[in-house]
Each structure stands twice: as C-alpha cells, then as structure tokens.
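Q: Following this message is one structure expressed as structure tokens.
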Amino acid sequence: MRITKIFFLAVIFTGMVTSCKDELDVKTNEPAINSVKVETDIIALAKGGTYVNGFKDLKYTDGVMGAFWGTGYHDLMADVVSAEAANVYINQVGCPELVILDDGTQVPNPGSPSHQPALLRQTNLNSNAGNNPGFYEWGYMYALNNVQNNLLTLVDNIEFSGDATTKINVIKAWAYWWKGFAYFRIGSIYYAGLVIDEPGKTNGDYKTYTEILAEAENNWAKAETILKGTTANADYSAVLGAIIPEYFQVGHGGVLTPDMWIRSINTMRARSIMANTRVKDMTSAQWDQILTLTNNGIKEDDFVFTGRSNGNADIFSPLSGMLSAKTTGDPKAGATYKITERLIQDFQPGDKRKGKNFEQINAWIGESSRGNAFNTRWELLDGGFVPDEGEEDPYEGAIVYSDREEGATELFMAGSYEENELMKAEAMIYKGNIAGGLALIDAVREYQGAGLAPAVAATPEAALEQLRSERRVGLLFRSVAFYDARRWGIIDPVANGGGRKNAVVVSKTGVVNTHATLDYQYLDYWDVPDNELKYNPPADGSAAVVNPKN
C-alpha cells in the first residue's frame with residue numbers, strides 16, 4: 001500500500017465518535033477497525049469516520065486556511081471571496097491574470113509565476129507536503145471514501161438488534177451516498193482520479209474525471225436502490241438519527257426519510273451534470289434530464305444534509321469551521337477571506353439580503369504584491385444587521401449568511417431546495433419556458449426573504465442574467481460558485497470569450513472602477529496531486545493525470 005501512508009494516515013480507523021447528549025466525543029484510533037464488533041461500534045464509525053475523517057482531520061492542516069468546509073479555493077476562483085494571506089497560496093490561486101481598469105490601466109497578476117495554472121503546477125510537489133493547494137480536496141475525499149469502504153466491509157458481519165435488515169440498509173445507503181459525494185467532488189475538480197472500493201488499498205489505474213463522475217452515479221444508484229426497498233420504521237430512524245449528530249438535526253437538517261434521501265440524490269445528480277458540462281455544450285436532452293431530476297429533487301420541506309458548529313468544535317468551530325465564518329467581520333481586522341466587489345455587484349437593487357448581511361466600509365486596500373483584485377468596501381456581518389433597540393429591522397425576513405454563535409449557521413453539505421429550483425429554472429429557460437424559469441427564481445428569492453418585485457426579462461439572455469445573479473447570491477457558500485464560473489466560461493481567457501467585463505474593482509489607490517475587465521485564466525480541472533503520484537504512479541494504460549490545458 002503506497003498512498004495510504006500519505007492520505008489515510010490513521011484512517012484505517014481514525015475518529016470513533018460516540019454520542020454524548022448533543023455533543024461529539026472524538027476518540028482517535030480507538031477502537032481499531034478490527035474491534036468493530038457490535039451495533040454501537042459501527043454506528044460510531046459511520047458518524048465519526050464520516051464527519052471527522054471526511055471533513056475535519058487530515059495529515060496536513062493550516063489554521064488560516066481552515067479545514068474542508070473552511071477552505072476557500074472554489075469560492076476564490078469564483079470571485080466570491082478573495083484573500084491576501086499567502087498560506088497554501090490562497091491569495092494566488094484566486095488572483096486573476098490581468099485586471100484592466102476603467103481608464104485602460106492594466107494591472108497584471110503580481111505573483112511568481114503569475115499564471116495561475118503555472119502556479120498550481122510549480123507547487124504541485126510531494127516535497128511541498130501540505131503547502132500544495134491540490135492536496136486538500138483529494139486527501140479529504142479519499143479519506144471519506146475509505147471510511148465508507150470500511151463500513152461496507154464490516155456491516156454484514158455485525159449483529160444488530162431489532163430489524164437488522166433495515167439497520168444494515170441504512171448504513172449501506174449512508175456509505176454509498178458519501179462515496180458518491182466523494183467521487184463527485186474528485187471528478188468535479190481533478191483531471192483524473194482513482195476508483196477505490198477496498199479499505200486501506202489503492203491502485204495506479206487512474207480514470208478520467210468523467211469516469212470518476214460515473215462512479216459517483218454508480219454509488220448513488222446503489223444507495224437509491226437500497227432506499228427504495230427500505231421502510232422508515234423506528235429502527236430506520238433510530239440508526240440514521242444516531243449517525244447524524246443531534247445538533248445537526250435542526251432547521252433543514254434532520255432524519256431524512258428514504259424518499260427525501262432519494263430526492264437529495266437526484267439534486268446531486270443534476271448538479272453533477274451541470275457542474276461538469278459547459279453551458280455551450282449542454283444538449284436539449286441534457287436539459288430534459290435536468291428537468292426530470294429536479295422535478296424529483298429536493299422539496300421545500302425536505303430534510304437535507306447539513307452541519308452546524310458546537311462549542312467543542314467537534315466538527316465545526318463557530319469561528320473558523322466554515323468558509324462563511326472565516327469571511328465574517330471587518331477585512332481590516334484580519335478576516336482570512338474578503339467579500340469581493342463582484343459578489344456585491346450581483347445583488348439586485350433593493351435586495352434585502354444585501355442589507356441584512358453586508359455593511360459598506362472605508363475601502364480595505366491589501367498589499368498589491370499579493371493580488372490585483374481583492375480590495376473591497378464590504379464587510380460580511382456576524383449575525384446579520386441588528387437594528388437599534390426600538391427600531392424596526394428594514395431587512396426583516398432575509399436570510400443570514402453567517403452567524404458565529406455556536407450552532408447558528410446552517411451549512412448545506414450537499415444539495416438544497418434553492419439549488420434544486422434554480423437548476424430547474426435554468427433548464428426551463430434554455431428549453432424556452434422563460435416565464436416558468438423566472439417564476440422559480442422569484443420563488444427562491446421569496447423563500448430567502450429578498451423582498452424583490454417579480455423578475456422581468458423580455459429575452460432569454462435577460463432571464464439567464466437574472467438566473468446567473470441569483471445563483472451567485474442565493475447559493476452563496478453552498479459549494480457551487482466555481483462550477484458555475486467554469487461552466488459559464490468566466491474563468492477562460494478574455495481572448496476566448498471568458499472573463500468578466502463591466503466589473504466593480506477598487507484600485508490600489510482606492511478609486512472605484514465600475515467598468516473594469518477581469519481576465520482570470522484559471523485552470524478548469526486540476527492535475528492529480530503529486531502527493532499521490534509520488535507513491536502511486538500511474539500504471540500502464542492509466543488515464544492522463546495532467547490537464548493538457550495551460
């Protein structure tokens with residue numbers, strides 16, 4: 001076994017978690033996998049292995065950058081947040097190749113090398129260890145996958161009380177769901193990946209990202225088959241309720257029924273298609289497929305997979321466990337990530353979500369040797385706008401993006417109702433049903449308390465612009481922004497039709513530009529990390545592990 005030493009560390013079993021009221025008591029490396037003998041052991045493995053190994057603990061960590069849900073690479077490349085800090089190159093990964101200001105002044109990427117794909121390749125060295133940006137998502141997701149492989153290997157040999165078949169089915173569905181999630185994440189950011197179905201083992205047979213995405217579907221299909229044959233009886237609810245931390249079972253989080261779970265699978269299937277297909281390449285049949293999946297996707301009142309912080313920071317720290325928390329506060333006061341001017345620009349006039357969550361401040365101007373587009377006049381409020389005593393809240397009813405009180409922020413770990421409806425809306429517009437698409441955009445805005453008048457669009461292009469802006473603000477911090485920037489072609493060179501024009505940019509002298517051009521030129525799919533390749537080189541016949549684009 002080569003790569004297990006690098007990525008799995010002690011993942012052969014890391015993170016037994018037992019329930020203690022509504023807190024998690026994390027017990028690393030005990031008991032070992034071979035001591036998982038009884039029902040309580042395997043439930044603890046399903047809980048702790050998934051949440052700790054998949055999203056919290058990894059061989060290398062960086063406190064500034066944050067763990068899995070605090071790492072901002074996707075949103076940096078989507079120009080939702082920016083960063084000045086150089087930890088694991090977060091400032092350079094999200095630095096455009098060129099910014100052209102209103103007066104024609106050209107501000108190049110100040111990094112060395114300045115071209116983002118070149119940076120990613122220069123730093124993609126095993127000797128860089130945790131200072132390789134490409135290490136993190138790969139490491140977390142294969143750790144997550146390995147835990148599920150352990151569950152599937154062990155579960156049939158466990159003696160369960162009560163309805164054993166149902167309990168086994170819940171654990172198997174859980175494992176296949178998260179394996180599908182892991183393969184989706186790998187296939188949606190890396191040029192190639194590995195299919196690994198045995199605990200603690202690996203192979204050198206790298207697959208293309210499309211094959212990895214097919215493996216995500218393969219696992220989701222297995223979960224769906226199990227769930228279709230499972231009844232949500234008391235034993236079903238008891239096991240799933242024990243696996244999901246109690247303090248996650250709040251708001252939109254809870255014990256999903258089999259039908260709810262299947263709808264979450266369908267929403268993720270739709271996301272997988274859209275995230276990995278350029279809009280210009282989407283066929284009419286694919287838009288029909290999106291409609292079929294989202295018509296059977298997450299409903300408004302469904303429970304979905306969510307996470308929340310707790311005081312012990314067992315999975316998520318209230319102050320740093322999520323990207324939203326690490327973006328909260330005055331950028332001059334040290335928030336790791338800064339809200340970009342381009343995100344604020346995407347709010348429609350009068351949107352109460354903007355006033356509820358953001359405050360305009362004197363411009364924060366970062367060190368220009370570290371970036372060319374991160375200056376900002378906006379602060380993400382902690383807990384949202386709070387009126388003075390006795391005054392009314394003009395933004396009453398609008399959602400709050402970040403609240404660093406214990407357990408206050410709800411993290412959507414997979415799909416959500418809003419994402420499902422906006423995918424459906426986009427498919428409708430591309431299929432010629434503009435009115436139907438706009439109605440769904442309006443429904444999402446109403447659901448989030450935006451307080452906007454009904455959207456108006458006389459052309460498909462105008463309707464798609466409403467859709468684009470709503471996905472940016474309505475799905476903020478929900479792990480889809482980079483996929484959108486890629487499929488819309490925004491990360492491509494301006495010379496090839498990409499980039500963003502008429503953008504708001506604050507120059508290093510504090511001048512606010514409103515018609516700037518940003519030429520991002522980001523890599524669409526990252527190369528396989530050298531942390532893997534060094535110990536697990538491609539076998540004969542393996543797929544290419546380096547993206548030919550540059």
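None of the figures in this text is laboratory data; all of them are computed from the coordinates on show. Worth saying up front: this structure is predicted, and the values here are computed from it rather than measured. Glycine gets a Cβ as well: all are built from the backbone with ideal geometry, and neighbour counts include every protein chain shown.
Q: Roughly how many nanometres apart are two label points built 7 Å out from the Cα toward the Cβ at Thr210 and Ser284?
A: 2.2
Q: If you put +1 on each Lys and Arg Cβ and -1 on each Asp and Glu Cβ, how big is the dipole of the chain around its Cα centre, in Debye rounded to 20? Write down the numbers at each step before the final one.
A: Working: 49 positive and 69 negative charges, 289 e Å.
Computed about the Cα centre, the dipole is about 1380 debye.
Q: Mind checking the angle between helix 135-154 and the chain's longest principal axis? C-alpha axes, 0 to 90 degrees, to the nearest 10.
A: The two axes meet at around 20 degrees.
Q: Could you work out the helix-only [θ] at 222 nm for the chain, with each DSSP H run of four or more residues adding -39,500 (n - 2.57) and the total divided by the number of residues, to the nearest 500 deg cm²/dmol?
A: Values: 18 runs with 197 residues, N = 550.
Here the helix-only value at 222 nm equals -11000 deg cm²/dmol.
Q: Quick one: if the Förster radius is 41 Å, what FRET efficiency do Gln345 and Ala129 give, using the C-beta to C-beta distance and rounding to 0.05? The partial results should precede the final answer.
A: Details: r = 38 Å, r/R0 = 0.92.
Computed FRET efficiency for Gln345 and Ala129 comes out at 0.60.
Q: Okay, next question. Over the range 288-447, what relative contact order in percent results from Cα pairs under 8 Å that are six or more residues apart? Write down the numbers at each step before the final one.
A: On the way: 226 pairs, mean separation 45.4, N = 160.
Reported relative contact order: 28 percent.
Q: If you don't mind, another one. Using the charge dipole of the chain (Lys, Arg: +1 at Cβ; Asp, Glu: -1 at Cβ; taken about the Cα centre), state which of Asn531, Ala67, Trp220 has its Cα farthest towards the positive end.
A: Ranked along the dipole, the leading option is Asn531.
Q: Grab the Cα-Cα distance for Tyr60 and Lys228, subtract it from 0.36 nm times how many residues apart they are, and report the gain in nm with one decimal. Intermediate results must be reported in sequence, preceding the final value.
A: On the way: separation 168, 0.36 × 168 = 60.48 nm, distance 3.95 nm.
Value of the extension gain: 56.5 nm.
Q: Quick check: residue separation of Leu319 and Glu367 times 0.36 nm, minus the Cα distance between them. What number comes out in nm? Walk me through the intermediate numbers first.
A: Working: separation 48, 0.36 × 48 = 17.28 nm, distance 2.48 nm.
This chain segment gains 14.8 nm when fully extended.
Q: Give the Rg (one decimal place) followed by the Dmax (whole number) of the range 165-209, computed from C-alpha coordinates and expressed in Å.
A: Spelled out, the Cα radius of gyration and Dmax of the range 165-209 are 12.7, 39 Å.
Q: For each of His115, His74, count neighbouring Cβ atoms within 10 Å of the residue's Cβ, then give the residues from fewest to most.
A: On the way: His115 16, His74 23.
Fewest to most other Cβ atoms nearby, the residues stand as His115, His74.
Q: Of all trypsin sites (Lys or Arg not before Pro) in the range 256-286, which ones are in loop regions per DSSP and have a Cβ with at most 16 other Cβ atoms within 10 Å?
A: On the way: sites: Arg263, Arg269, Arg271, Arg278, Lys280; in loops: Arg278.
Here the trypsin sites (Lys or Arg not before Pro) that fit, given the DSSP loop and packing criteria, are Arg278.
Q: Compute the acute angle (0 to 90°) between the alpha-carbon long axis of helix 417-430 and the principal axis of greatest extent of the alpha-carbon atoms of the chain; round to the nearest 10°.
A: That helix lies at roughly 60 degrees to the long axis.
Q: Step through the residues of the range 293-310 one at a time and calculate ³J(HN,Hα) from phi using the Karplus curve (6.51 cos²θ - 1.76 cosθ + 1.60, θ = phi - 60°), rounding each to whole Hz and writing x for Gly and Pro.
A: Those phi angles translate into 5, 6, 5, 10, x, 4, 9, 3, 9, 5, 6, 9, 7, 10, x, 9, 7, 9 Hz.
Q: In percent, what relative contact order does the range 444-550 have, based on Cα pairs under 8 Å that are 6 or more apart in sequence?
A: Details: 93 pairs, mean separation 16.2, N = 107.
Dividing the mean separation by the residue count of the range 444-550 yields 15 percent.
Q: Which far-off residues, 5 or more places away or on another chain, put their amide H under 5 Å from the one on Phe385, with H placed in the peptide plane?
A: Asn357
Q: Quote the convex hull volume per residue of the range 383-517, based on C-alpha atoms, as a whole number of Å³.
A: Working: hull volume 23.2 nm³, N = 135.
Once divided by residue count, the hull of the range 383-517 is 172 Å³.
Q: Another question, then. From the backbone phi of the range 432-443, what are the Karplus-calculated ³J(HN,Hα) couplings (6.51 cos²θ - 1.76 cosθ + 1.60, θ = phi - 60°) in whole Hz, Gly and Pro given as x?
A: x, 9, 5, 4, x, x, 5, 4, 6, 4, 4, 5
Q: Lysines near Lys201 by alpha-carbon distance under 22 Å, same-chain residues fewer than 8 away left out - which ones?
A: Hits, sequence-local ones excluded: Lys5, Lys37, Lys47, Lys56, Lys59, Lys172, Lys179, Lys222, Lys534.
Q: Rounded to whole Å and sorted largest first, what semi-axes of the equivalent ellipsoid does the C-alpha gyration tensor of the range 230-371 yield via the square root of 5 times each eigenvalue?
A: Details: eigenvalues 238, 132, 39 Å².
In descending order the semi-axes read 35, 26, 14 Å.
Q: Kirkwood-based Rg over Rh for the range 287-413 (C-alpha set), two decimals?
A: Numbers: Rg = 17.3 Å, Rh = 16.8 Å.
The Rg/Rh ratio comes out at 1.03.
Q: Quick one: dipole size for the range 141-229, taken about the Cα centre, charges +1 on Lys/Arg Cβ and -1 on Asp/Glu Cβ, in debye to the nearest 20.
A: 180
Q: Still on this structure, I have one more. Could you state the per residue volume, in Å³, of the convex hull enclosing the Cα atoms of the chain?
A: Details: hull volume 80.7 nm³, N = 550.
So the per-residue Cα hull volume is 147 Å³.
Q: A further question follows. Along the positive direction of the dipole of the range 53-174 (beta-carbon charges: Lys, Arg +1; Asp, Glu -1; about the Cα centre), which of Gly162, Tyr89, Leu144 reaches farthest?
A: Positive-end residue among those listed: Gly162.
Q: For the chain, what does the relative contact order come out to in percent, with C-alpha contacts under 8 Å and a separation of six or more? Could the numbers behind the result be given before it?
A: On the way: 1137 pairs, mean separation 110.8, N = 550.
Once normalised by length, the contact order is 20 percent.
Q: Could you run the Karplus curve 6.51 cos²θ - 1.76 cosθ + 1.60 with θ = phi - 60° over the range 41-54 and give me ³J(HN,Hα) per residue in whole Hz, x for Gly and Pro?
A: Listing the rounded values in order: 5, 6, 5, 5, 5, 4, 6, x, x, 5, 6, 7, 5, x Hz.
Q: With each label point set 7 Å from Cα along the Cα-Cβ vector, what nm distance links Gln106 and Ala221?
A: In this crude label model, Gln106 to Ala221 measures out at 5.0 nm.
Q: According to a simple spin-label model (label point 7 Å from Cα along Cα-to-Cβ), what is the distance in nm between Ala86 and Ala458?
A: Roughly 5.3 nm, to one decimal.
Q: Mind checking the angle between helix 164-187 and the chain's longest principal axis? C-alpha axes, 0 to 90 degrees, to the nearest 10.
A: 40
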